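See below for the structure under consideration.
The values are calculated or read from the model by the stated rules, or taken from the named source; none is laboratory data. Predicted, not measured: the structure shown is a model, and the values here were computed from it. Neighbour counts run over all protein chains shown; Cβ positions are idealised from the backbone, glycine included.
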Amino acid sequence: MDALAEKVAEQGVGSIFLYTHEAHPGEHYPHLTSMEQKFWHAAALREVYGLQRPILVDALDGACHRAYGSMPNMTWIFNRSGIPVYRSDWTDMHSVANAIDYFLDVAQRRRERERLAPFRVERLDYRSQDRDAFYAGLERNGPRAVREFREAFG
């Protein structure tokens, strides 16, 4: 997502990462009990994954996360007026890039004075699954994270 964020920044599109909580806490990255711990986890996330985008940290009680749907890996796109124009319950770079390209095209069409009327769309997108990378992330959190995930989902 950082590469996409860098690419679209040249077109005036901003991107942030909202750190909410550990989806699969373990011994190394346990359940969050303080804001200090939450800031430390967010900093570690930046280091582990090499994130370049600004990271905002949600309140300890997850108020922002709950307000925007509570899914573990959501993406939202807002227009300049703060109106949500895209919401996905999972982050997939290809889907996000497609949406950004579409909305940049809409902005261009409006600059050209084309009359446009909004409407809602719902579609099912598909993402690649890398189980090895997922389990590597669980292992980074600690053996308990791996064990609990396997017990819950097999």
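Selection of the range 88-132 for residues being in a loop (DSSP other than H, G, I, E, B) and β-branched (Val, Ile, Thr) yields Thr91, Val121.
Listed conditions (1) small (Gly, Ala, Ser); (2) part of a helix (DSSP H, G or I); (3) surrounded by 15 or more Cβ atoms within 10 Å (Cβ to Cβ); (4) over 16 Å from the mean Cα position of the chain (by Cα) are all met by Gly26, apart from (2). Taking every residue in the range 17-32 that is within 18 Å of His65 (Cα to Cα) and pairing it with any residue that is of a type in the set (Ser, Thr, Tyr) and surrounded by fewer than 17 Cβ atoms within 10 Å (Cβ to Cβ), at least 6 positions away or on another chain, the pairs with Cβ-Cβ distances below 9 Å are Leu18/Tyr68; Thr20/Ser70.
Taking the criterion of being in contact with a Leu (Cβ under 6 Å, 6 or more places away or on another chain) and either within 20 Å of Gly142 (Cα to Cα) or of a type in the set (S, T, N, Q) (or both), the residues of the range 12-58 that qualify are His21, His24, Lys38.
Number of residues in the range 131-154 that are on the phi < 0 side of the Ramachandran plot, of a type outside the set (A, V, I, L, M, F, W, C) and surrounded by 11 or more Cβ atoms within 10 Å (Cβ to Cβ): the value is 10. Which ones in the range 29-57 are farther than 14 Å from Met1 by Cβ and either in contact with a His (Cβ under 7 Å, 6 or more places away or on another chain) or not in a helix (DSSP H, G or I) (or both)? Selection gives Tyr29, Pro30, His31, Leu32, Thr33, Ser34, Leu56, Val57. Applying the selection to the range 1-23, what residues are surrounded by fewer than 12 Cβ atoms within 10 Å (Cβ to Cβ) and either more than 17 Å from the chain's Cα centre (by Cα) or outside any loop (DSSP other than H, G, I, E, B) (or both)? Across the range 1-23, the qualifying residues are Ala3, Glu10, Gln11, Gly12.
Please tell me if Gly62 is out of contact with any helix residue (DSSP H, G or I) (no Cβ under 9 Å at 6 or more places or on another chain) and in contact (Cβ under 8 Å) with a residue 24 or more places away in the chain. Write out each step before concluding.
Values: out of contact with any helix residue (DSSP H, G or I) (no Cβ under 9 Å at 6 or more places or on another chain): yes; in contact (Cβ under 8 Å) with a residue 24 or more places away in the chain: yes.
Yes: the conditions hold for Gly62.
List the pairs whose first member sits in the range 78-95 and is closer than 16 Å to Gln129 by Cα, whose second member is surrounded by fewer than 14 Cβ atoms within 10 Å (Cβ to Cβ), and whose Cβ atoms are under 7 Å apart, counting only residues at least 6 apart or on separate chains? Between residues of the range 78-95 that are closer than 16 Å to Gln129 by Cα and residues that are surrounded by fewer than 14 Cβ atoms within 10 Å (Cβ to Cβ), the close pairs are Asp89/Gly69; Trp90/Asn73; Trp90/Arg127; Thr91/Asn73; Asp92/Asp125; Asp92/Arg127; Ser95/Asp125. Looking only at the range 70-89, residues that are surrounded by 12 or more Cβ atoms within 10 Å (Cβ to Cβ) and more than 21 Å from Leu4 (Cα to Cα) come to 1 in all. Comparison of Asp101, Asp92 shows that the only residue that is surrounded by 11 or more Cβ atoms within 10 Å (Cβ to Cβ) and within 23 Å of Asn141 (Cβ to Cβ) is Asp92. Does the range 66-83 contain any residue that is out of contact with any Lys or Arg (no Cβ under 8 Å at 6 or more places or on another chain), of a type in the set (S, T, N, Q), at pLDDT below 95 and on the phi > 0 side of the Ramachandran plot? Checked against the condition, which is being out of contact with any Lys or Arg (no Cβ under 8 Å at 6 or more places or on another chain), of a type in the set (S, T, N, Q), at pLDDT below 95 and on the phi > 0 side of the Ramachandran plot, the range 66-83 yields at least one hit.
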